[in-house]
1. Any idea how many residues of the range 38-68 are surrounded by 15 or more Cβ atoms within 10 Å (Cβ to Cβ) and in a loop (DSSP other than H, G, I, E, B)?
2. Output the residue which, of all residues in the range 69-80 that are more than 14 Å from the chain's Cα centre (by Cα) and either crowded, with 17+ Cβ neighbours inside 10 Å or aromatic (Phe, Trp, Tyr) (or both), is farthest from Gly8 (Cα to Cα).
3. Search the range 11-31 for residues that are closer than 18 Å to Leu125 by Cβ and buried (at least 17 other Cβ atoms within 10 Å of the Cβ) and pair each with any residue that is modelled with pLDDT of 95 or more and among the basic types (Lys, Arg) when their beta-carbon atoms are under 6 Å apart and the residues are at least 6 apart or on different chains.
4. Where the second residue is surrounded by fewer than 23 Cβ atoms within 10 Å (Cβ to Cβ) and not in a strand (DSSP E or B) and the first is at positive phi and modelled with pLDDT under 95 and lies in the range 74-100, which pairs have Cβ atoms under 6 Å and are six or more apart or on separate chains?
5. Restricting the search to the range 20-37, which residues are more than 6 Å from ligand 1 (Cβ to nearest atom), in a helix (DSSP H, G or I) and within 28 Å of Thr48 (Cβ to Cβ)?
6. Looking only at the range 69-94, which residues are β-branched (Val, Ile, Thr) and either more than 10 Å from ligand 1 (Cβ to nearest atom) or outside any loop (DSSP other than H, G, I, E, B) (or both)?
7. Quick check on the range 101-114: of everything there that is on the phi < 0 side of the Ramachandran plot and surrounded by fewer than 15 Cβ atoms within 10 Å (Cβ to Cβ), which residue is modelled with the highest pLDDT?
8. So is Gly57 closer than 18 Å to Ile146 by Cα and either touching a strand residue (DSSP E or B) at 6+ places or on another chain (Cβ under 8 Å) or away from ligand 1 (no atom under 11 Å from the Cβ) (or both) or not?
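The values are calculated or read from the model by the stated rules, or taken from the named source; none is laboratory data. What you see is a predicted model, and the numbers here were worked out from it, not measured in a lab. Methodologically, a virtual Cβ is constructed for each residue, glycine included, from the backbone with ideal geometry; neighbour enumeration extends over all protein chains shown.
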Amino acid sequence: MFNLVLFGPPGSGKGTQSSKIIEKYNLAHVSTGDILRIEVANETPLGTEAKKFMDQGMLVPDEVVIGMISSKLDENPNAAGFIFDGFPRTVAQAQALDNLLDFKNHPINIVLSLIVSEDELKTRLISRGESSGRSDDNEEVITKRIKEYHAKTSPVADYYKSKNKLVEVKGEGTVETIFDSLCDEIDTIQPE
Ligand code: AP5
Ligand code: MG
């Protein structure tokens, strides 16, 4: 079993790179942003609650997100491993994930952190906003998402650094070049 966290600020390319990694390594994709957007679209009670936070560029409360993850792991008992995209986003979420995975005896193997400048993040998200239909892809909310990232999410990088699991990867350049760098890192700890 191989468990990978793809870490980075909003717009760093987590979703883009996840879909390529999943295909190559046959992992199950766990994107809390995607799960939450489905809940919002289906107008479930969870989605209605989460939407209030997402539309403001704020993180959804930990207990909501942690509950979602636990059921997602149970839904995929035969997966070769998981790629976590956009989760964990707080140290409390990282600790909860460690607890869940320790219980299953399959800890996180590596955390790949995409490094992208703030100007590039904003350019990418504003440009995506022109076609994505995502309620959080406008300049005001993008600024709040990045602020929320610095306040609550960047400490997660230190958490994994202290466990010697964090590897930083340059997240600017072509999608293919970044993908090759990510695969190089995966292959050093998980030879094909
Ligand atoms: P989430 O859906 O996770 O959004 P995010 O982290 O803000 O990040 P994005 O999905 O916008 O960016 P990405 O890194 O996936 O980049 P992408 O590949 O799309 O979360 C949304 C909200 O849900 C949060 O604000 C929060 O409210 C809530 N939430 C989710 N998870 C939560 C959690 N765990 N706890 C609490 N709340 C949670 O790329 C971005 C754009 O750039 C695309 O248009 C892409 O085509 C383009 N692009 C990608 N790579 C490149 C490249 N190399 N060069 C040029 N353009 C590129
Ligand atoms: Mg994403």
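1. Looking only at that region, the number is 5.
2. Residues of the range 69-80 that are more than 14 Å from the chain's Cα centre (by Cα), as a first pass: 70-80.
If we keep only those that are either crowded, with 17+ Cβ neighbours inside 10 Å or aromatic (Phe, Trp, Tyr) (or both) too, we end up with 72-73, 79.
On the way: Lys72: 21, Leu73: 22, Ala79: 24 Å.
Only one residue tops the list, namely Ala79.
3. Hits for this filter: Gly11/Arg124.
4. Gly81/Met1; Gly81/Leu27
5. Hits for the range 20-37 are Asp34, Ile35, Arg37.
6. Ile69, Ile83, Val91
7. Pro107
8. Judged against the criteria, Gly57 is not a match.
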